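This report refers to the structure that appears directly beneath it.
The values are calculated or read from the model by the stated rules, or taken from the named source; none is laboratory data. What you see is a predicted model; the values in this text were computed from it and never measured. Positions of Cβ are backbone-derived with ideal geometry, glycine not excepted, and every protein chain shown enters the neighbour counts. Heads up: the accessible areas ignore ligands, DNA and RNA and are worked out on the full protein's heavy atoms, side chains in. Shrake-Rupley method; radii C 1.70, N 1.55, O 1.52, S 1.80 Å.
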Amino acid sequence: MSESAVAVEPSSFDPVRTGFFRFRRLGDRYLITNDFGRYRVLTDAEFRAYVGGALDRSAPLYGTLAKDGFIRDQLDFEGLAAAWRARHRFLWSGPSLHSIAPSGPGRAGMSLETAAAVADRVFESPSPALSIEFVGRPLANWPAVRLILDRARAKAASSGKELTLGLADDPSRLGDAELAALLSAGAEFRAVLPAAGASRAKSLRRLKAIAAKLRKAAAGFTVEAVVSRGARAGLEALVDECAALGARGILLKDLSPLERASPAGRKAACSPEEFLATYRAALERVLRLNSRRAFAEETARAFLGAILNEGGADSASLRSPGGEGLGELAYDRDGAIYSSVEALELGRCGDDSFRLADSSAGGYRAAVSSPSVRALAVASCLDNQPACASCAYAAYHGVSPVQSYVEQGDILGRMPTNTRCAIHKGILDLLFEKLQDEKNEMIFRGWLRQKGTGRPYPRP
Amino acid sequence: MTQKAAAELKFSLDTRIYPLEAIQAAAYAFTDRAFVRIAPEADASVAVRFKAKKSAKDVEALSDAFHNELLHESLRLRISAANQKLREYVVTKALVSAQEDSNTLPGVQADAPAPPEAEPSAPLVDAALEREIEALLAEIEKAEPGAGDPLGVSVPWQVKHEGKSAGGAPPAKKEP
């Protein structure tokens, strides 16, 4: 944002012609957005004319803004209500993303009895489309994973629900038998690479070995890498390597607030500025690679879904109210149901604030009816957040009360000093900058059309 | 009038020019870079104390940016106030129409009221629109005996679809 830019006088606002919009400086231009996810980047002169109701009514810009609900005396109520409804369809569907952590460090894994109960609870969700994602070293408890895969597929066939399956783990733990079973079940593999060092090299070697089999089976796979201080230097080379292996994309992640809280995490974590500088270089590398073949950055793809799709965000974390408990649930190895993976990890640290219910008692109804889910819904409604309610990115973003609770001790959070907010705002600034180039927009739209991407995106 | 002391600035703001809500919003937006204190002063005036978190050199530049932000927050307030009723109408209409389609609640009338004409000459939405919104909200309340779960999200799949085919699923669709 240009601090030296001359601000627009509030008295110039025309309350008759100018409809509701949020705005943000993008370099020397203004980004305007509205409740329906529509956006436009205006020059300074266009912005001032728009605010003051002085746009030329015969100009194409006026027609575009009117069509998109920015002109107050030209509102198409039917169309805009339908657009709002399409972007908030998740309100009627219940949790669609179900993350299951069947194993954990140093303790017993999920029993087969609990695994069966968890699969049953997943299918109690009223959502017509379900996504099951195995997380947290799931390959360490393959029998439970296998049982859930089989049971879920059988239940999907009998209920008529759409089911997508995914498993995220270190490729060095993926044996040939497990790989064959995942392919047979149609589950997508996300290769989680260790931060750096010898263990990353070992994981990459194994990924190379299995990539050929995945390509042969025409099975898409993605790679997940954490952007830590130690891993920044080699990130662009990693992007090249993953693209060369035939991955569909790479997910570049910051450390979670819980990871940042540990002594090792404090040393390894990038500041938001460091992360964003690294992310920009990596995204530009990804865009260059797209001249040869489609290869996406998955965090960007999640945001782009929210920006470019009429139906809004697939990622539960980019919604208002947020997805924790409403759009996603997470199941621990003992059958405990949490509002999200972060809530589950917090529970493993001894804080069960977001433990909602148990798979064997109460199940789905108890989970989504719990007071914690109500609190999460209120805290994640952007209209209740002083900085978010007027943020230009409100239609494309959501807050994470659990992450705010971990980082700032408060589920409502304080966005001006919130790490997740700073990083996500920076990514959105970058994406809207890149969207100004039509070639980039074509590439981005191509990512959203990729096969095998009909599942809720990984959490940004 | 501005008094300078070390890394701190103090200035007065006229609340007839900058609404208090805009002052508070601008101050909140700067809490990553500065400590901001707002205190009542004379009539229609508040005192703002501004202290940079990092460097004393930053405080002048921050103060300039803060005044720009004040203008933008004031503009946001005006935009919000002028369009609040229209936004409420669109959202209420979307909620009512979704309930009609999903048929998850009894008692919702199929024909929602027609949209009001936006009055080009009126700066704020008129009383007719306000009545319209209240009628829509009353419909939602009337339609929901349980009140706690108006969208039926907590009702398990098996209960909701007992005796129905999978085609009776809620209207939500996944992206292709």
Where the accessible area of the protein assembly as shown is counted over protein heavy atoms with a 1.4 Å probe, how much of it, in %, is carbon and sulfur?
-> 53 percent
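At a threshold of 8 angstrom on Cα-Cα distance, excluding pairs fewer than six apart, so keeping six or more, what relative contact order does chain A reach in percent?
On the way: 794 pairs, mean separation 69.9, N = 460.
Relative contact order, chain A: 15 percent.
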Can you give me the Cα centroid spacing of region A:72-141 and region A:148-200 in angstrom?
-> 16 Å
Using only protein heavy atoms and a 1.4 Å probe, report how much of A:Cys388 is accessible, in Å² to the nearest 10.
-> 20 Å²
Where in region A:109-139 does the amide nitrogen come within less than 19 Å of the point 7 Å from the Cα of A:Ala180, taken along Cα to Cβ?
-> A:139
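Mind checking the full-extension length gain between B:Ala47 and B:Val159? Use 0.36 nm per residue of separation minus the Cα-Cα distance, one decimal, nm.
Values: separation 112, 0.36 × 112 = 40.32 nm, distance 5.94 nm.
Difference between extended and current length: 34.4 nm.
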Please give the helix A:272-289 orientation as an angle from the longest Cα principal axis of chain A, in degrees from 0 to 90, rounded to the nearest 10.
-> 90 degrees
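Which order do you get for B:His67, A:His98 if you rank them by accessible area with a 1.4 Å probe, largest at the top? Don't skip to the answer; put the middle values down first.
Working: B:His67 60, A:His98 0 Å².
Largest to smallest exposure gives the sequence B:His67, A:His98.
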Label B:Asp64 and A:Gln436 with points 7 Å out from Cα along Cα→Cβ: what is the distance between them in nm?
-> 2.2 nm
Within the protein assembly as shown, the percent of DSSP beta bridges that are antiparallel, given to the nearest 5, stands at 55 percent
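Between A:Val16 and A:Ala108, what length comes free when the chain is fully extended (0.36 nm per residue of separation minus the Cα-Cα distance, one decimal in nm)?
Values: separation 92, 0.36 × 92 = 33.12 nm, distance 6.48 nm.
Stretched out fully, the A:Val16 to A:Ala108 stretch lengthens by 26.6 nm.
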Treating the angle as unsigned and between 0 and 90°, give the value, to the nearest 10°, between the Cα long axis of helix A:176-185 and the longest Cα principal axis of chain A.
-> 50 degrees
What residues qualify as long-range amide H neighbours of A:Thr164, i.e. H under 5 Å apart, gap of 5 or more or another chain, H built at 1.01 Å from N?
-> A:Leu130, A:Ser131, A:Ile132
Ordering A:Lys213, A:Lys155 by the accessible surface of their heavy atoms, 1.4 Å probe, largest first, yields A:Lys213, A:Lys155
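If you stretched the chain out fully between A:Glu274 and A:Ser360, how much longer would it get, using 0.36 nm times the residue separation minus the C-alpha to C-alpha distance? Walk me through the numbers on the way to the answer.
Working: separation 86, 0.36 × 86 = 30.96 nm, distance 4.46 nm.
26.5 nm is the gain from fully extending A:Glu274 to A:Ser360.
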Short version: ³J(HN,Hα) in whole Hz for each residue of region A:359-365, in order, from phi by Karplus 6.51 cos²θ - 1.76 cosθ + 1.60 (θ = phi - 60°), x for Gly and Pro, what are they?
-> 4, 8, 9, x, x, 4, 4
So if we plug the beta-carbon distance of A:Ala244 and A:Ala264 into 1/(1 + (r/R0)^6) with R0 = 30 Å, what FRET efficiency do we get, rounded to 0.05?
-> 0.45
Using a 1.4 angstrom probe and counting only protein chains, how large is the accessible area of A:Arg173 in Å², to 10?
-> 80 Å²
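In what sequence, largest accessible area first, do A:Phe21, B:Phe35 appear using a 1.4 Å probe? Working shown, then result.
Values: A:Phe21 5, B:Phe35 120 Å².
Heavy-atom accessible area, descending, gives B:Phe35, A:Phe21.
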Angle in degrees between helix A:142-159 and the longest Cα principal axis of chain A, rounded to the nearest 10 = 60 degrees
Could you list which residues have their amide H under 5 Å from that of A:Arg319, counting only those 5 or more apart in sequence or on another chain, with H placed in the peptide plane?
-> A:Gly398
DSSP-loop GluC sites (Glu not before Pro) across region A:255-325, with at most 13 other Cβ within 10 angstrom | A:Glu310
In sequence order, what are the phi-derived ³J(HN,Hα) couplings for region A:214-219 according to the Karplus relation 6.51 cos²θ - 1.76 cosθ + 1.60 with θ = phi - 60°, rounded to whole Hz, with x for glycine and proline?
-> 5, 5, 4, 7, 6, 9
How large is the helix-only mean residue ellipticity at 222 nm for chain A, computed as the sum of -39500 (n - 2.57) over DSSP H runs with n ≥ 4, divided by its residue count, in deg cm²/dmol to the nearest 500?
-> -13000 deg cm²/dmol
For region B:12-96, convex hull volume per residue from C-alpha positions, Å³ = 109 Å³
Quick one: what are the phi-derived ³J(HN,Hα) couplings along region A:323-329, Karplus 6.51/-1.76/1.60 with θ = phi - 60°, whole Hz, x for glycine and proline?
-> x, 4, x, 8, x, 8, 9
At 7 Å along the Cα-to-beta-carbon direction for both A:Ala7 and A:Ala54, put a label point, then send me their distance in nm to one decimal.
-> 2.0 nm
Name the aspartates and glutamates eligible as straight-distance cross-link partners of A:Lys425: C-alpha to C-alpha under 15 Å, and not fewer than 8 places from it in the same chain.
-> A:Asp254, A:Glu273, A:Glu274, A:Glu433, B:Asp32
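Taking loop as defined by DSSP and a crowding limit of 12 other beta carbons within 10 Å, which trypsin sites (Lys or Arg not before Pro) in region A:288-337 fit?
Numbers: sites: A:Arg288, A:Arg292, A:Arg293, A:Arg301, A:Arg319, A:Arg333; in loops: A:Arg292, A:Arg293, A:Arg319, A:Arg333.
Qualifying residues, ordered by number: A:Arg292, A:Arg293.
Using the reciprocal of the averaged 1/r over all distinct C-alpha pairs, how large is the Kirkwood radius of region A:326-456 in Å?
Details: mean 1/r = 0.0598 Å⁻¹.
After inverting the mean inverse Cα-Cα distance, the result is 16.7 Å.
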What is the set of long-range amide H partners of A:Ala357 at a cut-off below 5 Å, with H atoms built 1.01 Å from backbone N?
-> A:Ile337
Test item: Cα-centred dipole of chain A, Lys/Arg +1 and Asp/Glu -1 on Cβ, debye = 1240 debye
Per residue of B:26-34, how many C-beta atoms from partner chains lie within 10 Å of its own C-beta, taken as a mean?
-> 3
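For region A:163-251, what class follows from the C-alpha gyration tensor (a ≥ b ≥ c being the square roots of its eigenvalues): rounded when a/c is under 1.5, otherwise prolate if a/b is larger than b/c, else oblate?
Details: a/c = 1.89, a/b = 1.78, b/c = 1.06.
Prolate shape, in that a/c is at least 1.5 and a/b is the bigger ratio.
Percent antiparallel among DSSP beta bridges with both residues in region A:172-319, to the nearest 5? If you can, show how the numbers build up before the last one.
Numbers: 1 of 12 bridges.
Looking only at bridges with both residues in region A:172-319, the antiparallel portion is about 10 percent.
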